[in-house]
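Q: Below you'll find the structure I mean.
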Amino acid sequence: LLYLGDGKMCHNDLLHQTKITQMVLDEYRKEYNKTKVDLKNALGRISMTTDLWSDPNHDSYMAVTAHFITR
């Protein structure tokens with residue numbers, strides 16, 4: 001998305017916010033579906049780990065990690 005046009009850029013060269021949002025959502029859906037297939041085809045068990053934390057503004061976060069072996 002980075003473009004250095006030596007000052008020759010116009011507004012048509014930039015992606016609109018809605019286009020970027022759509023691109024991100026499309027990539028998310030693709031990876032989500034790929035992960036679902038990987039988990040269904042996992043050999044043996046799936047181990048899950050979690051981590052919880054908060055930032056200085058007291059916003060809470062949770063990370064979930066799955067460990068598994070595929071074919």
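Q: If you go through the range 52-67 one residue at a time, do you hit one that is surrounded by 10 or more Cβ atoms within 10 Å (Cβ to Cβ), out of contact with any strand residue (DSSP E or B) (no Cβ under 7 Å at 6 or more places or on another chain) and not aliphatic (A, V, I, L, M)?
A: no
Q: List pairs: first residue in the range 39-60 and over 17 Å from ARG71 (Cα atoms), second residue open to solvent by 80 Å² or more (accessible area, probe 1.4 Å) and part of a strand (DSSP E or B) anywhere in the structure, Cβ distance under 6 angstrom, at least six positions apart or on different chains.
A: Listed pairs, sorted by first residue: THR50/VAL64; LEU52/MET62; TRP53/TYR61; SER54/SER60.
Q: Kindly indicate whether LEU14 is modelled with pLDDT under 95 and within 21 Å of the chain's Cα centre (by Cα).
A: Details: modelled with pLDDT under 95: yes; within 21 Å of the chain's Cα centre (by Cα): no.
The answer is no for LEU14.
Q: Identify all residues within the range 34-51 that are of a type outside the set (Val, Ile, Thr), open to solvent by less than 70 Å² (accessible area, probe 1.4 Å) and either in contact with a Ser or Thr (Cβ under 7 Å, 6 or more places away or on another chain) or not in a strand (DSSP E or B) (or both); write none if there are none.
A: ASP38, LEU39, ALA42
Q: In addition: Just one of (1) in a helix (DSSP H, G or I); (2) at pLDDT 95 or above; (3) open to solvent by 90 Å² or more (accessible area, probe 1.4 Å) trips up GLU31, so point out which.
A: Just one mismatch for GLU31, condition (3).
The values are calculated or read from the model by the stated rules, or taken from the named source; none is laboratory data. In this text, all values refer to a predicted model and were calculated from it rather than measured experimentally. Heads up, the Cβs are rebuilt from the backbone with ideal geometry, glycines too, and the neighbour counts pull from every protein chain shown. Areas reflect the complete protein model, heavy atoms only, side chains present, ligands, DNA and RNA absent. Shrake-Rupley method; radii C 1.70, N 1.55, O 1.52, S 1.80 Å.
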